[in-house]
Amino acid sequence: AFIGNGLALIQQTMTFFGIGFTQALDQNFWSVVRIGSRFGDIWNIRMLFLLVVAAMFAASLYFRRSQPETVRPFWIANAWMMSLVLGSFSVLSHAAGSLILPWVGIAVDWLHALAVGLWAGGLVALVLVLPVALQPYTDETRRFALIAVLRRFSRWALVCVALVTVTGIYSASNWIITPRDASTNFGLSLFVKLALVMVLIAIGGLHHIALRPAK
């Protein structure tokens, strides 16, 4: 996240001054963007959020053996803090340039990012965590434990899919009004996003069949 945020500052510096990557690394250029622009103001706030996240994550690692009961609160607090990090991207996104109720557009874009993060991020977390968590179990016990986790996640995933769909339609309606708009860079990127969403929905369908083979 820190590296990505740093690269975003360099990219914005390149765009702002019309210079190359090497020149943008000069402090005389990127510091102007960081201090003297709206992008820089939000960038500084995002860096502060990330520092708080890093500190709480480090604390959870430090206290995980002596005070394991503190790990969960640290991670929950980090989840809320990261939602603010996503919100900082929405403030600078295309939604902020909406000609109709820009603050509504920003809020909708933020909800869209949160839903995608919970859905796709939750899938990644399950893939990484479940193999380790299920090791103590064997045979039928492991299967029941797996089904219990997946069914609980499915409820969250369903809500996220609904949010992604509704917020995505609203955001697209602000920018794609005529068929010609679909051929723009925004329209093409939207079609790519739709393809990725369809892949995730297909995976969710297979997941549903696996949990409820009788249906």
In segment 1-16, residue modelled with the lowest pLDDT [restricted to those that are farther than 20 Å from Phe49 by Cβ and in contact with a helix residue (DSSP H, G or I) (Cβ under 6 Å, 6 or more places away or on another chain)]: Phe16
Qualifying positions in segment 1-19 - open to solvent by 40 Å² or more (accessible area, probe 1.4 Å), within 30 Å of Trp75 (Cα to Cα) and assigned to a helix (DSSP H, G or I): Phe2, Ile3, Gly4, Leu7
Candidate set from segment 37-70 (those that are of a type in the set (Phe, Trp, Tyr) and open to solvent by 80 Å² or more (accessible area, probe 1.4 Å)); member that is farthest from Phe17 (Cα to Cα): Tyr62
Set Val132, Val108, Val104, Val124: member being open to solvent by 60 Å² or more (accessible area, probe 1.4 Å) and closer than 19 Å to Val161 by Cβ: Val124
Residue list for segment 146-198, restricted to those being part of a loop (DSSP other than H, G, I, E, B) and either among the hydroxyl-bearing types (Ser, Thr, Tyr) or open to solvent by less than 60 Å² (accessible area, probe 1.4 Å) (or both): Asn174, Ile176, Thr178, Thr184
Complete set of residues in segment 73-89 that are in contact with a Leu (Cβ under 9 Å, 6 or more places away or on another chain) and open to solvent by less than 30 Å² (accessible area, probe 1.4 Å): Ser83, Val85, Gly87
Ser31 vs. criteria in contact with an Asp or Glu (Cβ under 9 Å, 6 or more places away or on another chain) and hydroxyl-bearing (Ser, Thr, Tyr): no
Residues of segment 138-165 satisfying the condition of being in contact (Cβ under 8 Å) with a residue 60 or more places away in the chain, closer than 28 Å to Val108 by Cα and out of contact with any His (no Cβ under 8 Å at 6 or more places or on another chain): Arg151
Enumerated helices (runs of 4 or more DSSP H) restricted to segment 20-70, each holding at least 1 residues that are under 18 Å from Phe89 (Cβ atoms) and modelled with pLDDT of 95 or more: 38-62
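The values are calculated or read from the model by the stated rules, or taken from the named source; none is laboratory data. As the structure is a computational prediction, the values presented were derived from the model and not from experiment. Cβ sites come from the backbone with ideal geometry, for glycine too, and all protein chains shown count toward neighbours. Accessible surface areas use protein heavy atoms only, side chains included; no ligands, DNA or RNA. Shrake-Rupley method; radii C 1.70, N 1.55, O 1.52, S 1.80 Å.
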